[in-house]
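Have a look at the structure below before the remarks.
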Amino acid sequence: MHLTYDPGLVDEAVLLSERTAPRDAVRAFRRERDRVYEITDPDEREAAFEALHLRWFAGLQLPNLVESLVAERANIGEWLEEGRVLRAVTRQEEGADLVDQVMSGEGDRRPILVLRLRPVTLFEPEALRALVRHELMHIADMLDPAFGYQRALPASDDGPSRDNVQRDRYRVLWDVTIDGRLARAGGDSRHPTREVRWQEFAATFSMLGDDCRRAFDEWFDNPHPTHAALAAFAMAPAGSEQTGDSGRCPLCRFPVERVAIVDQDGRVAGAVPFEVGEIAQREIEMVHSVDERKLDGQAAELGAQVVVREKRIAGLRKDPGVRARRGRQPGFGVDADRQSRGPCEA
């Protein structure tokens, strides 16, 4: 597969390399760059900068790791001929996707691989390996007919809010299965990402209660997941019906998502769903008898504090020490004789 690189990514990566490149190499690069500044035509100068940075980008071997990681996925190369590596601004923007070619006329319109990376990630080999391998597994699934990928999930009858919940569940499930397959490919089913994915799975599928860990293990250890199976579980997690989790508030009927609590032992302590009658009963059980004599005493004590406080606040207007510290600030005092006025009145 032929990869092309975004000029913005190349430029910034080359400039970042000056921090770690040998001093002689940095001097040589700057001499070449200074000569480019002497070109008067703006278009020619910009093209010369792009050519300079791309040459140094290749000379510093910055694209080598990316291209070797893409080459690992031979099945992707069977489906794709072209890929583009673009610049990502934030960590959240990093990832991979497929886009359709825009071509005139008839012909073989194969999709294009789009890989988004931050320039700084090119200087972090371990992070780059983990990111690209994970993202390319997504691409391999999308291209695999056996996986049966579809870009959209069926719309929920509960509206857009529920659609967002289901998409998030699908994303978490897919990531779990991908890291499970990558861990086994590396010969380590207890890969560190297993615990990371478990925490995310537990927070997303807390409605499963005691079955949550078992369900996670089944998905993480699944060697051949399919889009249909992921989508079905995301839309109706197995066992969620038995827990009474309808995904809606029993009072207002708006879609809600439970907050999972994962304790230090990694167990899920999800919220217990109550029926409306149960909630009311528990509220009643929490009411305690009150000694009214204690309330009378507290009210009297509070009243005395209020009187003292009012005197202190009113004293701000006449206290010369306070005025000296604050300067001329009309309206800080309390004028009991002044009639109340609106904000627009003089």
Condition broken by THR193, with the remaining ones in (1) surrounded by 14 or more Cβ atoms within 10 Å (Cβ to Cβ); (2) modelled with pLDDT of 90 or more satisfied = (2)
Region 63-87 residues that are farther than 15 Å from HIS134 by Cα, paired with ones that are modelled with pLDDT of 95 or more and hydroxyl-bearing (Ser, Thr, Tyr) (beta carbon under 7 Å, 6 or more apart) = PRO63/TYR5; ARG84/THR4; VAL85/TYR5
Scan of region 42-62 for residues that are among the hydrophobic types (A, V, I, L, M, F, W, C) and touching a residue at least 24 places away in the same chain (Cβ under 8 Å), ordered by number | PHE49, LEU54, TRP56, PHE57, LEU60, LEU62
Checklist (1) in contact with a strand residue (DSSP E or B) (Cβ under 6 Å, 6 or more places away or on another chain); (2) assigned to a loop (DSSP other than H, G, I, E, B); (3) among the charged types (D, E, K, R) applied to GLU38, failing item = (1)
Of the residues in region 148-163, those that are within 23 Å of PHE216 (Cα to Cα) and touching a strand residue (DSSP E or B) at 6+ places or on another chain (Cβ under 9 Å) come to ARG162
Restricting region 135-166 to residues that are at pLDDT 95 or above and under 20 Å from the mean Cα position of the chain (by Cα), the residue that is surrounded by the most Cβ atoms within 10 Å (Cβ to Cβ) | ILE139
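Let's see how each residue does on (1) modelled with pLDDT of 95 or more; (2) of a type outside the set (D, E, K, R):
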{"position": "GLU67", "(1), (2)": "yes, no"}
{"position": "GLU72", "(1), (2)": "no, no"}
{"position": "LEU80", "(1), (2)": "no, yes"}
{"position": "VAL85", "(1), (2)": "yes, yes"}
{"position": "VAL89", "(1), (2)": "yes, yes"}
{"position": "GLU94", "(1), (2)": "yes, no"}
{"position": "ARG109", "(1), (2)": "no, no"}
{"position": "THR121", "(1), (2)": "yes, yes"}
{"position": "GLU126", "(1), (2)": "no, no"}
Mind checking whether some residue in region 139-154 is without any contact (Cβ under 8 Å) to a residue 60 or more places away in the chain, touching a Leu at 6+ places or on another chain (Cβ under 7 Å) and either closer than 30 Å to ALA236 by Cα or not acidic (Asp, Glu) (or both)?
-> yes
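Residues are listed down the side, and each one gets a yes or a no for (1) outside the structural domain of GLU72 (by TED's automatic domain parsing); (2) closer than 24 Å to ALA88 by Cα; (3) outside any helix (DSSP H, G or I); (4) among the hydroxyl-bearing types (Ser, Thr, Tyr):
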position: VAL114; (1), (2), (3), (4): no, yes, yes, no
position: PRO145; (1), (2), (3), (4): yes, no, yes, no
position: GLN150; (1), (2), (3), (4): yes, no, yes, no
position: VAL165; (1), (2), (3), (4): yes, no, no, no
position: TRP174; (1), (2), (3), (4): yes, yes, no, no
position: ARG184; (1), (2), (3), (4): yes, no, no, no
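How many residues does region 1-29 contain that are under 26 Å from VAL89 (Cβ atoms) and not in a strand (DSSP E or B)? Reasoning before the result, please.
Our first condition is that a residue be under 26 Å from VAL89 (Cβ atoms); within region 1-29, this holds for 1-21, 26, 29.
Okay, now just the ones that are also not in a strand (DSSP E or B), so 1, 6-21, 26, 29.
Residues meeting the conditions: 19.
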Return a yes/no flag: does region 54-65 have any residue that is assigned to a helix (DSSP H, G or I) and over 30 Å from GLY77 (Cα atoms).
-> no
When only residues in region 67-87 that are outside any helix (DSSP H, G or I) and buried (at least 18 other Cβ atoms within 10 Å of the Cβ) count, which is nearest to the chain's Cα centre (by Cα)?
-> ARG87
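The values are calculated or read from the model by the stated rules, or taken from the named source; none is laboratory data. Quantities reported herein were computed from a predicted structural model and do not represent experimental measurements. Backbone-built Cβ (ideal geometry, glycine too); neighbour counts: all protein chains shown.
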